[in-house]
Amino acid sequence: ILQDLHHNQLLFMVSAQTLTVQIFLVTSKFVAVFPNSKQKCLDPVGGSGVGGSAVNGYCSRQDRESTGKSWELGMGCQKLGPSNSWLVSGKRHVHLKALPTEANTLVCYDGHASVALEPRSSEFFQQPGYADTAVLLVENFLSSDEVRHMREIVEQHVQNTTRPEYQAAYVAGAQYSVDSLPRFKTHRVVSLASDRVVNAIEARIEAFVGVPRNSHESHLQLAKTVPMPPGTPWHQKSGPFFHHDKNGEETRHVTVLIYLSLPEGGETLFPALPFHPAGPVPRTAALRELAQDFGDVAGYFNLEGSARAKIRRKLRFLCDGLVDLTIASGPIGADPAPTVATQALAVRPAPGRAVVFWHEQVGNETPLIDVFHAGCPVRKGFKLALQKFKSYSREDGNAFDKQLRQFQSITQAQP
């Protein structure tokens, strides 16, 4: 069978659950890739590149629901290294020694590398508002023990919100005064100043991204997302909430999003950022159009209102076109199939995995343009996550440079 498969360019998959064998013929129009026994259906090169229904080459709903829940580290993002020099040195560099020894830091999007590949007709993408965008993925940012501990905290403290599928709360570590904790109508803020794991996570985030802890930054957010209740009318379902993380506070500099569970769905989707498992690529025409749309609404960090209805229509159904494993087509170092298409970057939740992305240009507070994103709906299971918005203190007019110098003097021995 193997000889025939190799000779006729056939791919096969054996399902241990159903004891069936499915055989697929590779054609010039379609390729089915099975990384780690996970099905992924994609357009060939030249497709829309943004996602969509099965008409655009993605797996059907039945295909997606029949896939398993295994995953591999990194799954196509590139190892952080010398080719990403601006992320390992200079004002934006991360500090790898702040991470656990088993952590693995990868680059899923490097704006400097990607925009350099854009055609001459798209020179405006060379602007810092696009070029300074980066998305890192850190496997094992949390240990398994830390994941278990924080799952218990999330389950214990989250409360219902105005969205039926979403529960949330905040926890305050040791840097916050117990006497000055804010009160919100929809979210509770719980003081866990003596919790060893909470404080360790705050310290790890601080050291990794190089933004000092301060009492003015947002508290560590806890979140639980479940599938919409069965029978919910379509017009009452919450669509993906695409936004810029400066929507809640314009001083936000960088976000660290940490997953604690492995649901089906719940991907973090960046609709204007191109992804290909082979490495940096330019945007497709559809991704380029979205990136320009985001530039046209600069200063509006939420996409509400009639003036932005056109963009919302483009974004509304993107999550429906995502396959179960959305951040790559193979394990680290594997040669991707040549017909795998460039698509919008979408990161799948997995326990202990962290996603790190910035909101400001390097060296100043001007917002980046193309980091609008959304959490896709959870289809099965539940999504538990932590989210930390890091901000520089604004106690004086030169806080950015002052605190950067202060932190660099502390961490000068780190890479």
_Accessible area per residue for the range 82-239 in Å², computed with a 1.4 Å probe and the full protein assembly in place, what is it?_
48
*Taking R0 as 60 Å, what's the FRET efficiency between Phe124 and Asn199 from their Cβ-Cβ distance, rounded to 0.05?*
0.85
*Order of 93-103, 76-86 by packing, highest average Cβ count within 10 Å first?*
76-86, 93-103
*Using the charge dipole of the range 120-183 (Lys, Arg: +1 at Cβ; Asp, Glu: -1 at Cβ; taken about the Cα centre), state which of Ser144, Gln126, His157 has its Cα farthest towards the positive end.*
Gln126
_For a quick check of understanding: with a 1.4 angstrom probe and all protein chains in place, what accessible area in square angstrom does Asp320 have, to the nearest ten?_
80
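The values are calculated or read from the model by the stated rules, or taken from the named source; none is laboratory data. This is a predicted model, so every value here is computed, not measured. Note that each Cβ is placed from the backbone with ideal geometry, even for glycine, and that neighbours are counted across all protein chains shown. These accessible areas exclude ligands, DNA and RNA; they are computed on the full protein's heavy atoms, side chains included. Shrake-Rupley method; radii C 1.70, N 1.55, O 1.52, S 1.80 Å.
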